[in-house]
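Right, one structure below, let's go through it.
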2 protein chains.
Amino acid sequence: MSRTRYHHGALAEALVDVAVGQVRAQGSERVTLRGVAQAVGVSPSAAYNHFADKDALLAAVALRGQAELDRRIGAALAAGGDDDAAAIGRLRAIARAYIGFAHDDPNLFRHAFGPHLKGAAGGHGASEAYAMLNAVLDDLDGRGLLRDGARPGLDLVVWSTVHGFAGIALDGLCAWEAADELLNGMERAMLTAAGLGLALR
Amino acid sequence: MSRTRYHHGALAEALVDVAVGQVRAQGSERVTLRGVAQAVGVSPSAAYNHFADKDALLAAVALRGQAELDRRIGAALAAGGDDDAAAIGRLRAIARAYIGFAHDDPNLFRHAFGPHLKGAAGGHGASEAYAMLNAVLDDLDGRGLLRDGARPGLDLVVWSTVHGFAGIALDGLCAWEAADELLNGMERAMLTAAGLGLALR
DNA sequence: AGCCCGATGTGAACGATGTCAAGATACGGG
DNA sequence: CCCGTATCTTGACATCGTTCACATCGGGCT
């Protein structure tokens, strides 16, 4: 088995790599199957040995986008201490990573949550990011930092809020700088007075 | 001035009408300039007398989508009494109308918040829906139903939450039925104990 | 009123795109 | 060593966005 099988070997992977780059740079609507193939150095129809459609290729790009979100959130949680303040900080870190992805990589973020997900992704339990958010919230609850009865359903509320803000800022409907205001408002709503004191310290 | 000026008169409006219908039915990505022109009964190039681009036409469709959102939220607020329970009900009604738009008209909703907004819309103050949300929240605050210090920034939090849930459900990442859970979670987070009692009654 | 000019629409054409069918080519197992 | 199969190329087709030259309507000026 030589390093490159036939002309390319892992053409599928190469196509997705380049497609991710072009989606990042130009937005998914301006990405062309022919353009991706040419950038890889291969004939346009070669792609049809690995993907049924242009849509199938774009679906793979969407999954890469989801993976990038998981990666960013995982990285944001890497550091941090063990006290209450650090627990609150982890929630902020998740939100900042999520919003930061949308801010730094708008085209890929938009595509990662576009109509191309339907074909491949599982339920919302499939996302690592969602599992990490639940762990952080459980931690806050265990520390008694959440208001009474606030925990059930809070994962969905927080996820929706952060995801929604990212989309709204992405559409230019509000300024990215409003993220601080959003996080403060979120924490004011979900934390006890003690937790709030820590968060605003 | 005859009823129809030249062959059509208000061709621009007719094109947008048909384009809105096709976006609704097929999703904005599958809408074709030629198809819209043919449905109106006009040559493809005729559209270029009224729109610079296909993108310009789609931008007009996006504005129609925003208007439809305003209309739905306005209609949801039409009825309702004057007591505290009705005030809380109006917040729920806004959220349900917003999510209902995404549920009933997924393609138009998605397009209304797509990249085509950048060209035409103003800041987030431009949306009537946003103004109505602020009025409802001010009313709740005036009635003392909001937790201490919760009002500043709450508009952005609520808007983000509802918008985010709509997007997440639209992507199939969670069930539409979770909307109830979301609304309960939101109210648990923002309302005082008294308000909560009313909301859950 | 009658002509003229601008607004509006038509038709044909060009380049680019997604997709497919048929043939060529290289890799890996017998 | 040879052959089947997976892989890639070539060429073609229909469709799409867009443009250009031209036709046609209709209101305003004298």
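The values are calculated or read from the model by the stated rules, or taken from the named source; none is laboratory data. None of these values were measured; they are calculated from a predicted model. We place every Cβ from the backbone using ideal geometry, glycine too, and count neighbours over all the protein chains shown. SASA here: full protein model, heavy atoms, side chains in, ligands and nucleic acids out. Shrake-Rupley method; radii C 1.70, N 1.55, O 1.52, S 1.80 Å.
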Exercise. Over both sides of the A-B contact, add up the buried accessible area with a 1.4 Å probe and give it to the nearest 100 Å².
Key: 3200 Å²
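To the nearest 500 deg cm²/dmol, what mean residue ellipticity at 222 nm is calculated for chain A from DSSP H runs of n ≥ 4 alone, each contributing -39,500 (n - 2.57), summed and divided by the residues?
Computed ellipticity for chain A at 222 nm equals -21000 deg cm²/dmol.
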Practice problem: Mind telling me which of A:GLY149, A:GLY35, A:GLY27 comes out most flexible in a GNM of chain A, alpha-carbon contacts under 10 Å? | Solution: A:GLY149
Quiz prompt | Estimated dipole of the protein assembly as shown in Debye, rounded to 20 [Cβ of Lys and Arg +1, of Asp and Glu -1, Cα centre] | solution = 1200 debye
Exercise. Run the dipole for segment B:76-167 about the Cα centre, Lys and Arg Cβ at +1, Asp and Glu Cβ at -1, nothing else charged, and hand back the magnitude in debye, nearest 20.
Key: 360 debye
Quiz prompt | Closest approach to the axis - chain B beta-carbon, rotation onto A, Å | solution = B:GLY164, 1
Self-check item: Crossing angle, helix B:84-104 versus chain B [Cα axis fit, 0-90 degrees, rounded to tens]
Solution: 30 degrees
Quiz item: So who's got an amide H within less than 5 Å of the one on B:LEU146, skipping anything under 5 residues away but keeping other chains? H placed 1.01 Å off N, in plane.
Solution: B:THR192
Quiz prompt | Magnitude of the charge dipole, chain B, Cβ model with Lys/Arg +1 and Asp/Glu -1, debye to 20 | solution = 620 debye
Quiz prompt | Rounded to 10°, Cα long-axis angle of helix B:54-78 versus longest principal axis of chain B | solution = 40 degrees
Practice problem: Could you order B:ARG64, A:ARG72 by accessible surface area, starting with the largest, using a probe radius of 1.4 Å? | Solution: B:ARG64, A:ARG72
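Could you calculate, for segment B:42-188, the ratio of the Cα radius of gyration to the Kirkwood radius, expressed as Rg to Rh?
Radius of gyration over Kirkwood radius for segment B:42-188 works out to 1.04.
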Quiz prompt | Cα Rg, Dmax, segment A:144-184, angstrom units | solution = 12.4, 37
Quiz prompt | Distances in nm from A:ALA193 to the matching label points in the other copies, shortest first (labels 7 Å along Cα to Cβ) | solution = 1.2
Quiz item: Can you tell which of A:HIS111, A:HIS50, A:HIS103 shows the greatest fluctuation in a Gaussian network model of chain A with Cα springs below 10 Å?
Solution: A:HIS50
Quiz item: Residue farthest toward the positive end of the dipole of the protein assembly as shown, with Cβ of Lys/Arg at +1 and Asp/Glu at -1: which of B:SER127, A:ALA93, B:ASN184?
Solution: B:SER127
Quiz prompt | 33 Å tail of the calculated P(r), the protein assembly as shown, as % of Cα pairs | solution = 39 percent
Quiz item: HN-Hα J couplings of segment B:142-155 from phi, Karplus 6.51/-1.76/1.60, θ = phi - 60°, integer Hz, Gly and Pro as x?
Solution: x, 7, x, 8, 9, 4, 4, x, 7, 4, x, x, 5, 4
Practice problem: List the distances, in nm to one decimal, from the label point of B:ALA131 to the label points of the same position in every other copy, shortest first, placing each label point 7 Å from Cα along the Cα-to-Cβ direction. | Solution: 4.8
Practice problem: Figure the gain on full extension for B:ALA67 and B:GLU177 (residue separation times 0.36 nm, minus the Cα-Cα span) and round it to one decimal in nm. | Solution: 37.0 nm
Quiz prompt | Accessible-area value, B:ILE88, 1.4 Å probe, nucleic acids and ligands omitted, Å² | solution = 10 Å²
Quiz prompt | chain B, accessible area per residue, ligands and nucleic acids excluded (1.4 Å, Å²) | solution = 46 Å²
Quiz item: For labels at A:GLU128 and B:ALA56 in the simple 7 Å Cα→Cβ model, what's the distance in nm?
Solution: 4.7 nm
Exercise. Between copies, how far apart are the A:GLU29 label points? List them in nm, one decimal, shortest first, with each point 7 Å from Cα toward Cβ, please?
Key: 1.2
Self-check item: Carbon plus sulfur fraction of accessible area for the protein assembly as shown, probe 1.4 Å, in percent
Solution: 51 percent
